[in-house]
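Working notes for the structure below.
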DNA sequence: TTGTGTATACCACAATTGAGTGAATTATTG
DNA sequence: CAATAATTCACTCAATTGTGGTATACACAA
């Protein structure tokens, strides 16, 4: 079963060229190519792609807005951003919008095909300079090491904090048990101590409390 | 002028093998290989590397601590992390510590050499799964935009927003029904449409999404 | 007129969670 | 050393939640 790819790209030449390359490569099929995002949701619904090649610089709705929309409506579709520029702002927005990869337009067709496959397989191909920017941005934004005073004073043990964190990721008890290599019942026991310490009585309330008090 | 590489690696076999490969490849020279980080600063000073291949799992000072120290003492030296594991925690810590790349140990020698060169040239090579994790972590930690467009585009109806809000107060379905003068089953029906629109499958995840996207 | 979305409500079954109780092992600390 | 907390696991039972249907009614747009 070939990888279904849709293209959103201003430039007709580039668009047609991509389409030709994809259809000419074993294991790929271009199920749609569009010059704008004006009927984005409709177009995506019709072409049912696994991966979308998204130009970032487009008239009307730009590639980043489009990426956000697509990720909201079709979270499982992977999006590979294509751009001529590599400024921090664009990279940052694209990733926050939910892009799975970020390639410069100067990339060779062969590498683009390879990147498309990598995206499809759950990877995150990025042109070298981009990857480096991402790491820098990451270091800049990630580790403010928040640890509010409540976090310490909440008396949650290390294990309990781990579990609360996973609860805040949306994991259920079975998933947590699996991730932490614990038995289901052990997780439930820990959850009960969390409830006791936070004075709550459900996942629901524990998460709310954790968020509101910036506990994590 | 060849790229000067130093190796920090527990396993003698792996260490010697890396050294042989580097010295056997044009454009590279191994200027030091060490089995621990016990005399880290001293060793780095002596070997004056451009790039360091750093094993993450080592006795004594581990690779992440070592990376921090090196980046502190010799900011211009690039560090390529090597690991067998790819859990979020390690990836996260390594990048925050200042690593320039993150390769799994199963990577082929050829790709490792290529990654070393890429690091030297200012890139950030990462094994596919790792790069993907980085993007995910990035999205997780990036500062949420103050006015999230998701609020408007979430398409939640008035009733659905009301109910989501009460869920975020920690109310259960019975409590919500009572507060809104609805039947228990009506609340559940609304909750189902909320899940559909937010692409989630539990109270748990709906609340997290609402908080993170500043939906309410 | 038909379709779509919203709001309301009910039934039934499966899965998950909450609460009670008990118990063993390993830190940690007074 | 003894007390305490943390961590681990198990079993039960009731309550809540998740998911599949089905149904009526209203409003608004194609």
Inside the range A:195-216, can you point out the residues that are more than 8 Å from DNA strand C (Cβ to nearest atom) and more than 30 Å from the chain's Cα centre (by Cα)?
A:196, A:197, A:198, A:199, A:200
Applying the selection to the range B:78-95, what residues are surrounded by fewer than 19 Cβ atoms within 10 Å (Cβ to Cβ) and without any contact (Cβ under 8 Å) to a residue 40 or more places away in the chain?
B:84, B:85, B:87, B:89
Tell me, yes or no, whether the range A:159-174 has at least one residue that is outside any helix (DSSP H, G or I), crowded, with 18+ Cβ neighbours inside 10 Å and within 12 Å of DNA strand C (Cβ to nearest atom).
yes
Restricted to the range A:174-185 and to residues being in contact with a helix residue (DSSP H, G or I) (Cβ under 7 Å, 6 or more places away or on another chain) and more than 10 Å from chain B (Cβ to nearest Cβ), the residue nearest to DNA strand D (Cβ to nearest atom) is A:183
Selection from the range A:190-201 of residues modelled with pLDDT under 90 and within 7 Å of DNA strand D (Cβ to nearest atom) yields A:193
Which numbered condition residue B:204 fails, given (1) more than 9 Å from chain A (Cβ to nearest Cβ); (2) without any contact (Cβ under 8 Å) to a residue 24 or more places away in the chain; (3) on the phi < 0 side of the Ramachandran plot
(1)
Hey, residue A:163 at pLDDT 80 or above, at the interface with chain B (Cβ under 9 Å from one of its Cβ atoms) and closer than 23 Å to residue B:207 by Cα or not
no
If a residue must be within 14 Å of chain B (Cβ to nearest Cβ) and surrounded by fewer than 17 Cβ atoms within 10 Å (Cβ to Cβ), how many such residues does the range A:36-60 contain?
1
Among the numbered criteria (1) assigned to a helix (DSSP H, G or I); (2) under 26 Å from residue A:138 (Cβ atoms), which single criterion is violated by residue A:21?
(2)
I need the full set of residues from the range B:105-118 which are farther than 14 Å from residue B:21 by Cβ and either buried (at least 19 other Cβ atoms within 10 Å of the Cβ) or within 13 Å of the chain's Cα centre (by Cα) (or both), in order please.
B:118
From the residues in the range B:119-158 that are surrounded by 16 or more Cβ atoms within 10 Å (Cβ to Cβ) and within 16 Å of DNA strand C (Cβ to nearest atom), which one is modelled with the highest pLDDT?
B:156
Determine if the range B:15-35 includes at least one residue that is farther than 19 Å from residue B:113 by Cα and either surrounded by 16 or more Cβ atoms within 10 Å (Cβ to Cβ) or touching a residue at least 24 places away in the same chain (Cβ under 8 Å) (or both).
yes
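The values are calculated or read from the model by the stated rules, or taken from the named source; none is laboratory data. Owing to the predicted nature of the structure, the values given are computational and were not obtained by experimental measurement. Methodologically, a virtual Cβ is constructed for each residue, glycine included, from the backbone with ideal geometry; neighbour enumeration extends over all protein chains shown.
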